[in-house]
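Right, one structure below, let's go through it.
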Amino acid sequence: MALRAGSRRILFGFNVGLGLVLAGAIVAGINFIGYKKYRVFDWTDSELHSISSKTENILKNLPGPVEMVAFFTPRDEPELQEKVKRLLALYTQAGGKNLLLQQVDPFAEQTRAQKVLGDLGTEVRELNTIVFKHQNKIEKVHKHDMADFDFMRGGRLANFKAEEAFTEAL
């Protein structure tokens, strides 16, 4: 039984449409699986995009909520700030609901900075400081605790050691 030209076009159009729907469903399924099974692989030598298993265990087993307040201003130490922001994102991801992160620019948000410090019951005398508060315990990590700087090369960041300092503060 031979198909007429009009019937062939309809059948061909139907096959193309069905193929597009199936391809879309496959892409949507892969995207859904990727969303549910999200995993980041860190291929950098300095493990810039991951935290140690010791830190992960500490963050997963926090006895209660920990407030972290980062006092940074955008014009001071941009390289350090970028690395600290990435690390704090990893901490909040691993710590879940027990880690509460606030970022405050003490120059642009002076009123908010004073209120946050009043709520924490402490003061910060140095820029680029992270304050950790758990129950009544307050720990401060300053920029010289987070990194070593090479002043022979214009004060560039030489060694990033914030993970150790942050985990110790917890």
Q. Highest GNM mean-square fluctuation, the chain, Cα pairs closer than 10 Å: which of Ile33, Ile51, Ile130?
A. Ile33
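Report in % the part of the accessible area of the chain that belongs to carbon and sulfur, leaving out ligands and nucleic acids; probe 1.4 Å. List each step's numbers first, then the result.
On the way: 6600 of 11830 Å².
Carbon and sulfur atoms account for 56 percent of the accessible area of the chain.
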Q. Over region 66-170, what relative contact order in percent results from Cα pairs under 8 Å that are six or more residues apart?
A. 30
Q. To the nearest 20 debye, what charge dipole does the chain have about its Cα centre, counting +1 at the Cβ of each Lys and Arg and -1 at the Cβ of each Asp and Glu?
A. 1280
Q) For Gln103 and Gln135 in the same chain, what is the full-extension length gain: residue separation times 0.36 nm, less their Cα-Cα distance, in nm? A) 9.5 nm
(Q) Please compute the length gained on full extension between Gln114 and Phe32, using 0.36 nm multiplied by the number of residues separating them and subtracting their Cα-Cα distance. (A) 25.2 nm
Q) Counting each DSSP H run of 4 or more residues in the chain as -39500 (n - 2.57), what helix-only mean residue ellipticity at 222 nm follows after dividing by all residues, to the nearest 500 deg cm²/dmol? A) -15000 deg cm²/dmol
**Q.** Selection from Leu62, Ile10, Ala113, by position along the positive dipole direction of the chain (Cβ)
**A.** Ile10
Q. From the Cα gyration tensor of region 75-170, with a ≥ b ≥ c the square roots of its eigenvalues, which class applies: rounded if a/c is under 1.5, or else prolate if a/b is larger than b/c, or else oblate?
A. oblate
Q) Taking the Cα atoms only, what angle lies between the long axis of helix 5-36 and the longest principal axis of the chain, rounded to 10 degrees? A) 20
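The values are calculated or read from the model by the stated rules, or taken from the named source; none is laboratory data. Computed from a prediction, not measured in an experiment: that's the story for all the values here. Backbone-built Cβ (ideal geometry, glycine too); neighbour counts: all protein chains shown. In case anyone asks, the SASA skips ligands and DNA or RNA and just uses the protein heavy atoms, side chains included. Shrake-Rupley method; radii C 1.70, N 1.55, O 1.52, S 1.80 Å.
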